[in-house]
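The values are calculated or read from the model by the stated rules, or taken from the named source; none is laboratory data. Please read all numbers here as calculations on a predicted model, not as lab measurements. Neighbour counts run over all protein chains shown; Cβ positions are idealised from the backbone, glycine included. These accessible areas exclude ligands, DNA and RNA; they are computed on the full protein's heavy atoms, side chains included. Shrake-Rupley method; radii C 1.70, N 1.55, O 1.52, S 1.80 Å.
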Amino acid sequence: MSTTAATLTLTLVLTLTLVLTLTLIPRIPTTLIQPRPSQLSRRRRFVLFGIPRRDTSSSSLPTTYVVLVMGDDVPVPAPASGGVSSEGGGGGVERAVKRARLLESSSSPTFHVTKSCLSNHSCPYLDMVDRKSLNFDFAKFCSVTLSPQNVYCCLTCGKFFTGKSTSSPAYTHSVSTSHYVFMALDKKLLGRVFVLPDNYEVVDRSLDDIRAALNPTYTPQAVASLDAKTAWARALDGADYLPGLVGLNNLAMAAGGASATQQRKANQKAPGSTDYLNVIAQLLVRAQPLRDYFLLQREADAVHASAPSAQAADTQNRVLLVQRFSELCRKAWHPTAFKGHVSPHEFLQAVQHASNRAFNADEQGDPQAFLAWLLDAMHLGLTAGKRKKASVITRCFQGELDVRDASAGESAEDASKAAEAAAAATTTTKFLMLGLDLPDTPLHLDAKSGATIIPQVPLSTLLQKYNGSTVHESLRSGSKTYRITKLPRYLVLNIKRFLKNNFFFEKNRTLVTFPLEIDLRDILPLSHLSADEPTRYRLVANVCHDGEPSGGTYKVHILRPSDEKWYEVHDLRVSEVMHQMVGLSEAYVQLWERL
Ligand SMILES: [Zn+2]
């Protein structure tokens, strides 16, 4: 009995639906665009249906457009009669989509493309995509014309070509090699995929991983959980890597052929190396607010506000430097990378441009000088050249010092006058880095064993330079005392190891001993700071030098917060080290994080 009732109800509902549909059909205007197949696109035809919803009761519903890409074997539905128009002419699906967008904008509903119609199944060429051949670290220049404009990447062989008109190298490449799928690398079309020579766009979620490798982006949630992840990731090329702690290519070695070596020998110069750039890039991103800022691409607003087009060339170069640093940062943290390392080509290029080649790949630079320059250049890039404005750089690294002329007040008659004179001779300066001087103790041989004894000095002794009473003599600035009045969130220390002038280049090999956590109140008289001001710091990055003053190498020790382990990074090589090893290195630049 109940079964009969259910069947009856179902039949009734079905009949009603059919009647309703039949009544509604003539009122749905459908656009059918069928481009005339050109000679090259004969194997494919494009059909676009626009079905705007006109139902008044559901006016809030978006208009639905369905884009169908069909093969020759699929019959094209014949235009139905009544309210249906058809349109011929070349131009392919792009024009059809444009027209659909026009229709959409005229009635202002949302535009939807039914993606299932554009799956792997409907675009047979997506099988040609070879992810292992793709490398987006290189400068985005056409491999034929060297033009940086309208560049597309062939997703089959990974080469870059200008596209995509019929006279372009990308078009020629598609015809001559039968590589059909191209991804746009230009800012305007970034990540959109086109099939050449047919020239239609492919919308397919299965290509999202390539888009992410080209331009990794992060959600605030993803960034917040970064430091909780301890697992290694496996790149598509099979390499295991730690997101955020990836090896960086040494670009001088990669580029240096036999001729370059001969040239260097002729010049009697130190061999080129970009290890100085790699260690600083690794060190800087340990400052978590700085890292998060770039992972979330917050620089885009700052850079946009500075309107680079209206600025001088040096500001434009600094803006580009900031963008390249952001890209490097986002690639280094990418959890599903195609390869387990990053080549900082574009960052190096931006550095060379912005520094007028003061820092380059042909000559090993000084990491301390590079860091000082980079912080300044990126700060100016983020503040449109306004040095006094705050930026993420100053928020992370800037502290303040009282600098007093030590000779002032010495000849004063009484204490109060001396204090007055001292106050008058005191200036407050901001700092991003503190320099520490090593005592000039030569290496000596142990009388009994004949072994070389390397002198040692505790870091706390070196920091006494900033206690406000130690007089620091220098030829350039005279005798001064320094007192820290504002501690930065991240303290950068530079242990001045190298002595370089026109005649010689020497290294002081004195070992600096330090615990991995320090409280500056135990080391310096900081009673002028408020009692609740945090003064405890832990070491998070330690750049050290190995070997001879010229021709040696720079490495960096990194504390990974997620597993509290130390890693040594030497260009491409990332290996875990015991924390005791960090203190045994010839430390040069250190980054301390306030706890
Ligand atoms: Zn190709």
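A cut-off under 15 angstrom between Cβ atoms defines the neighbours of residue 319, and their net charge, with Lys, Arg +1 and Asp, Glu -1, is 0. For residue 238, neighbours were defined as the other residues whose beta-carbon sits under 14 Å from its Cβ, and their charges (Lys and Arg +1, Asp and Glu -1) total +2. For residue 435, the amide hydrogen comes within under 5 Å of the amide hydrogens of 494, counting only partners 5 or more places away or on other chains and with H modelled in the peptide plane. Once you've got the Cα coordinates, tell me which of 132/187; 430/496; 389/565; 331/555; 188/339; 388/555 are over 29 Å apart. Exceeds cut-off: 389/565; 388/555.
Protein chains only, probe 1.4 Å: how do 353, 345 rank by accessible area, largest first?
Largest accessible area first, the list is 353, 345.
The residues 588, 293, sorted by heavy-atom accessible surface at 1.4 Å with ligands and nucleic acids left out, run 293, 588 from largest to smallest. Summary of the geometry: the stretch 361-377 and the stretch 382-443, compared by the centres of their Cα atoms, lie 23 Å apart. Couplings 3J(HN,Hα) of the stretch 440-448, computed from phi: 7, 9, x, 5, 9, 8, 6, 4, 7 Hz, in residue order, whole Hz [Karplus 6.51 cos²θ - 1.76 cosθ + 1.60, θ = phi - 60°; x for Gly and Pro]. Accessible surface of residue 579, taken over heavy atoms with a 1.4 Å probe and every protein chain present, rounds to 100 Å².
Put simply, the amide H of residue 472, placed in the peptide plane, has neighbours under 5 Å in 480, 481, leaving out anything fewer than 5 places away on its chain. The phi-based Karplus calculation (6.51 cos²θ - 1.76 cosθ + 1.60; θ = phi - 60°) puts the 3J(HN,Hα) values of the stretch 533-542 at 5, x, 10, 8, 10, 10, 6, 10, 8, 9 Hz, whole numbers, x for Gly and Pro. Can you tell me the FRET efficiency between residue 146 and residue 575 if r is taken as the Cβ-Cβ distance and R0 is 45 Å, rounded to the nearest 0.05? After rounding, the FRET efficiency stands at 0.70.
Taking all protein chains as present, what is the carbon and sulfur share of the accessible area of the stretch 124-214, in % to the nearest whole number, probe 1.4 Å? Answer for the stretch 124-214: carbon and sulfur cover 54 percent of the accessible area. Applied to the stretch 342-351, the Karplus parametrisation 6.51 cos²θ - 1.76 cosθ + 1.60 on θ = phi - 60° returns per-residue 3J(HN,Hα) values of 10, 9, x, 4, 5, 5, 4, 4, 5, 5 Hz, with x for Gly and Pro. Rolling a 1.4 Å probe over the protein chains gives residue 416 an accessible area of about 80 Å².
Accessible surface comparison of 201, 517, probe 1.4 Å, protein chains only, largest first: the order is 517, 201. Counting Lys and Arg as +1 and Asp and Glu as -1 over every other residue whose Cβ lies under 10 Å from the Cβ of residue 170, the net charge comes to +2. Stretched out straight at 0.36 nm per residue, the stretch from residue 449 to residue 228 would grow longer than its current Cα-Cα span by 74.7 nm.
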